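Below you'll find the structure, written out as structure tokens, and then a few comments.
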Amino acid sequence: MSTDDAVHSDPWFVALDVDGTIMHEDESIDAVVVDAVASARDRGHFVTLATGRSWAGTSPVLGRLGLNPDYVVCSNGAVTLARNDAVEGGYERVHVETFDPTGVLERIRGVLPAGNFMVELPDGFRLYTATMGDWALENAREVVFDELLDQRATRVVVTSDQHDLDGFFDIVDRMGLHHVSYAIGWTAWLDIAPDGVNKATALERVRGWLDHPLDRVIAVGDGRNDIEMFTWASAAGRAVAMGQAPDEVRAAANESTATVHEAGLATVLDSLP
């Protein structure tokens, strides 16, 4: 069997975070990263995205990378899309997890009355409060806080303009959040998903659909919402933390690479056969 035949018969399942892994804060992507993604795909590996972004924010990233994988994981695992060339946009939602955010929103607002709130609905439409500031939200509508309640949601985002990260950690500790999954971002940003739902739960479902071996999965990320994904991938495969990842994120991985500013992802992808 030739080397090329071996690669194509034994590909890796490659799950990539977007922000801080593929993309810089200004939403630029290094050319070397684009090339590395394309090369990994062309070598026969299944390369997909697993991101906290909604589908509206994920689809353009696929386009910029030239990717059209069979499945894409969005909204921190609450939404999984499958490629379907017969529908507009080329993808359809095939698994959606929802929850009623009323209780958690009311609890958070009681502790963080000046917070900024956004609720993502199952179809991707988003409702946000007037305090969302300069967020450029498409497929969205500004509402008063009470209109966020009594919805079925895939995701809730809460931010605070009044706290640094350490202060926000303290605030979240006081919230006593239960019966939801949540992760704190690099800034005063809280991302909330249905209980027990995260990138790992969605990726494991996709892995099963693809009948892909667990010892041939690799996940790359940099955020606290990647910790469960790293635990999943490192059970038998590779979990790679970007160089700028917080200590607790790096601890969940079994490898690390250079920072996003050093195109660390390209080094990881180039290490695949």
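Of note:
- Diffusion coefficient, µm² s⁻¹, Stokes-Einstein with Kirkwood Rh over alpha-carbon pairs of segment 165-249 at 37 °C and 0.692 mPa s: 235
- Each Lys and Arg adds +1 at its Cβ and each Asp and Glu adds -1 at its Cβ; summed about the Cα centre, segment 102-194 shows a dipole of about 240 debye.
- Computed over all pairs of different Cα atoms, the Kirkwood value for the hydrodynamic radius of segment 102-194 is 13.3 Å.
- Between the listed residues 219, 251, 192, the Cα displaced farthest toward the positive end of the dipole of segment 129-257, a dipole computed from Cβ unit charges relative to the Cα centre, is found at 219.
- Taking the empirical scaling 2.2 N^0.38 Å for compact globular proteins as reference, the chain has a Cα radius of gyration ratio of 1.00.
- Taking label positions 7 Å along the Cα-Cβ direction at both residue 149 and residue 93, the computed distance is 2.4 nm, reported to one decimal.
- Peptides 69-75, 25-31, ordered by how many other C-beta atoms sit within 10 Å of their residues on average, highest first, read 69-75, 25-31.
- Compactness of segment 6-139, taken as the C-alpha radius of gyration over 2.2 N^0.38 Å, stands at 1.22.
- For the chain: relative contact order, % (alpha-carbon pairs under 8 angstrom, 6 or more apart): 19
- Fully extended contour minus Cα-Cα distance, from residue 64 to residue 39, at 0.36 nm per residue: 7.6 nm
Read-outs: derived from the displayed coordinates by stated rules, not from any lab. Note that this is a predicted model, so its numbers are computed, not measured. Here the Cβ is made from the backbone with ideal geometry for all residues, glycine too, and neighbour counts use every protein chain on show.
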